[in-house]
Amino acid sequence: MDDLRLKQFVSQLPADPGAGIRHFAPQVPSISVRNFIASSSGSAFPPWNPTSLLAQAVYAAGFIYDPAQDIIYSRMDALQRQFGYAYGYDAAALGMDAILDCEPIFFDYAGKHWMIELWKGQYGLETGCEIGVYNRQIGSTSPGYALLDATVGARPGDSNQSHNLFFDCAKDNERLVLSSVLYKNGEVLFFRGPAKHWWLTGFKWGVYSQPQELTMDVSITSLDVAMRGALVDALEGMGYSVQVSSGTVSFEFASPTSHQPRSDLPSVVQAVELTDQGIVDEYNALDFPSNDPNTIADTSLARIKDAVSIYSPDFFVNSVDNLANIGAAAVRSIFSALTS
């Protein structure tokens, strides 16, 4: 449960503990308290430590393995936190064999422009979903911001300047309690949270999905009433039906309402779909007993490593440099200055 104290969470459950779980996963009455707590806190399993070459590569890339659900998920201190987020990254996703539904949610709160973005879809070898929390001080500017806003920040067809920005990852005191349940054709694939995080994710190796086959139950707990109101207004303005319980806002993400970068490149999407299906088929043919990177022989490292190294530093740097043409070293210096 990451930063939430397990004892505190359990003490808040109602007389029927399953009802508390169904607050975050209302369509999943079959999830047991044991499995929910084990998956969220790791208490029923020994801590996972990377021992194989592949596992060490996965950990270095910012991810951990969850044996309770046989999935990979992002660390709190993942290196991706250095690179913020912007539309240009979504536009570049096809280049890493990712076919995703992307849904940014914009609102202003406490002197900042906020963007909470949702993703679901196929990431090469894996089916997955994400919730990312980002913001930017209103009126903030610098040469680095100016370059990033003009390149990866530019959002075609959206005239709202506060949407056409590069956003920083949420600071520790801005992290939100997040949870999600990912379904494929109505069947649960996995769930994540509730956990206080800036980037809550889950990825299932060896599963091939198209974004339209996936739905996502999302719950976001706001920092206060003002944030909750801004978030609800933004979601309802996008056409979402939301449920509010205290500070927690819940809704289903099925079909995105925003422009999808991949819709501009249908022929590329078809090629990537074939590539992803081939990657998944090849992986499944190896017939590993689980997705635990520690159990995968080092001889398979070369065949799998590239397929799971999503959102590497090179991805972010190249996304900017392909538009700015200032060289990778200069881009890295900009990111370093913004996060120092």
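Once the other residues with Cβ under 12 Å from the Cβ of GLU130 are scored (Lys, Arg +1; Asp, Glu -1), what is the net sum?
In short, -3.
The 3J(HN,Hα) values that the Karplus relation (6.51, -1.76, 1.60; θ = phi - 60°) gives for the stretch 322-334 are, in residue order, 5, 9, 8, 6, 10, x, 4, 5, 5, 5, 4, 5, 5 Hz. Gly and Pro appear as x. Taking all C-alpha pairs of the stretch 187-340, those more than 22 Å from each other amount to 63 percent.
Counting charges near CYS169 (Lys, Arg +1; Asp, Glu -1) among other residues having Cβ under 12 Å from its Cβ returns a value of -1.
Quote to one decimal, in nm, the extra length available between GLU187 and ASP224 on full extension: 0.36 nm per residue of separation minus the C-alpha distance between them.
Working: separation 37, 0.36 × 37 = 13.32 nm, distance 3.34 nm.
Full extension from GLU187 to ASP224 adds 10.0 nm.
Do any of LYS171/LYS305; LYS112/LYS204; LYS171/LYS196 go past 23 Å between their Cα atoms, and which? From the list (LYS171/LYS305; LYS112/LYS204; LYS171/LYS196), the Cα-Cα distance tops 23 Å for LYS171/LYS305; LYS112/LYS204. Computed from label points 7 Å out along Cα-Cβ, the spacing between ASP158 and ASN284 is 3.5 nm. The ranking of HIS259, HIS163 by Cβ neighbour count inside 10 Å, starting from the fewest, reads HIS259, HIS163. ARG262 sits among other residues whose Cβ lies under 11 Å from its own Cβ, and their net charge, with Lys and Arg +1 and Asp and Glu -1, is -4.
Sorted from greatest to least, the principal axis extents spanned by the alpha carbons of the chain come out as 52, 51, 38 Å.
For the stretch 60-73, 3J(HN,Hα) computed residue by residue from phi via the Karplus equation (6.51, -1.76, 1.60; θ = phi - 60°) reads 4, 6, x, 10, 10, 9, 10, x, 5, 10, 6, 10, 9, 9 Hz, glycine and proline entered as x. Here is the size of the stretch 224-281 from its Cα atoms: Rg then Dmax, 17.5, 48 Å.
Once the chain from SER267 to ALA328 is taken as fully extended at 0.36 nm per residue, the excess over their C-alpha distance is 19.1 nm. 3J(HN,Hα) couplings calculated from phi for the stretch 216-232 with the Karplus curve 6.51 cos²θ - 1.76 cosθ + 1.60 (θ = phi - 60°) are, in sequence order, 9, 7, 10, 10, 10, 9, 6, 6, 6, 5, 5, 5, 4, x, 5, 5, 4 Hz; Gly and Pro show x.
The sum of -39500 (n - 2.57) across all DSSP H runs of n ≥ 4, divided by the residue count of the chain, sets its helix-only mean residue ellipticity at 222 nm to -9500 deg cm²/dmol. Exposed loop sites are taken as trypsin sites (Lys or Arg not before Pro) in a DSSP loop (any state but H, G, I, E or B) with at most 11 other beta carbon atoms within 10 Å; the longest stretch of the chain without one runs 172-340.
Got a sec? Charge dipole of the stretch 117-197, +1 on Cβ for Lys and Arg, -1 for Asp and Glu; which of PHE166, GLY121, ASN185 is way out at the positive end? Result: ASN185, furthest along the dipole toward the positive end.
Quick note: the coordinates plus some simple rules give every number you see, no bench work behind them. Here the structure is a predicted model, which means the values were calculated and not measured. Heads up, the Cβs are rebuilt from the backbone with ideal geometry, glycines too, and the neighbour counts pull from every protein chain shown.
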